[in-house]
1. Of these, 42, 66, which one is in contact (Cβ under 8 Å) with a residue 40 or more places away in the chain, in a loop (DSSP other than H, G, I, E, B), under 13 Å from residue 152 (Cα atoms) and touching an Asp or Glu at 6+ places or on another chain (Cβ under 9 Å)?
2. Does segment 1-21 include one or more residues that are under 12 Å from residue 148 (Cβ atoms) and hydrophobic (A, V, I, L, M, F, W, C)?
3. Search segment 105-124 for residues being touching a residue at least 40 places away in the same chain (Cβ under 8 Å) and over 11 Å from the mean Cα position of the chain (by Cα), and hand back the single one that is farthest from residue 3 (Cα to Cα).
4. Got a number for residues in segment 91-110 being out of contact with any His (no Cβ under 6 Å at 6 or more places or on another chain) and either of a type in the set (A, V, I, L, M) or under 11 Å from residue 141 (Cβ atoms) (or both)?
5. Of the residues 120, 65, which is closer than 17 Å to residue 35 by Cα, at pLDDT 95 or above, of a type in the set (Lys, Arg) and surrounded by 15 or more Cβ atoms within 10 Å (Cβ to Cβ)?
6. Here are some residues: 140, 112, 128. Which one is among the aliphatic types (A, V, I, L, M), out of contact with any helix residue (DSSP H, G or I) (no Cβ under 8 Å at 6 or more places or on another chain) and either surrounded by fewer than 17 Cβ atoms within 10 Å (Cβ to Cβ) or closer than 27 Å to residue 53 by Cβ (or both)?
7. I need every pair where a residue in segment 1-22 that is at pLDDT 95 or above has its Cβ under 8 Å from the Cβ of a residue that is surrounded by fewer than 15 Cβ atoms within 10 Å (Cβ to Cβ), sequence separation at least 6 or different chains.
8. Quickly run through segment 1-39 and pick out the residues that are more than 18 Å from residue 159 (Cβ to Cβ), part of a helix (DSSP H, G or I) and open to solvent by 60 Å² or more (accessible area, probe 1.4 Å).
Amino acid sequence: MDQFGISELADWLEAHNDQLLDKAEMMPTDKVLAGVDYLKLLAQPAAAYLVMKQGTYDREESDHKLNLMADDQALAQVEDRIMVNHVDGSITKDELNFTYNHEPVFEDGYEAKKDLNIVKFGLEVIGAVATSGHLATVTAALSKDAAVTLIVASARFRQWQEAK
């Protein structure tokens, strides 16, 4: 993945939205993981966070935006989501501010479309500043919990797709 890869992935997800929801195209979780790894925000490779225990992540790395309710369960089981919904500031002055909101994806049973939107929109917002080449600035400003949400939401969406 390079500095344009995150935006390109967001564009691909948007262009294939209906096919993804119809299960005709599969969520490219490997590319989402590669995008998160490109950001160099997390201490371990992105794939490791799916099996990491919530309690371990909460104690060692979380910025406490996610509601982690089950210390002994894997992060893949987290039902809370943090959507990256906006970025502002000045990339040239190395001053970025991302804003987030919680997104309920399990209110009335699992809502796959919400997870897809979380991944698409988050990658779009992050990709908009990642293309600048100021990776350290993006990494410093971005929430680790938001990055974990991208991992978990894409994996859960793919799991939903595979459960025919």
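The values are calculated or read from the model by the stated rules, or taken from the named source; none is laboratory data. Here the structure is a predicted model, which means the values were calculated and not measured. Because the Cβ atoms are built from the backbone with ideal geometry, glycine has one as well, and the counts that use them run over all protein chains shown. When the accessible area is computed, the model is the full protein with side chains, heavy atoms only, and any ligands, DNA or RNA have been set aside. Shrake-Rupley method; radii C 1.70, N 1.55, O 1.52, S 1.80 Å.
1. Unique residue meeting the criteria: 66.
2. No, the conditions are met nowhere in segment 1-21.
3. Ranking the candidates gives 110 first.
4. Residues meeting the conditions: 6.
5. 120
6. None of the others qualify; the one that does is 140.
7. 20/26; 21/113
8. Hits for segment 1-39 are 8, 11, 12, 14, 15, 18, 37.
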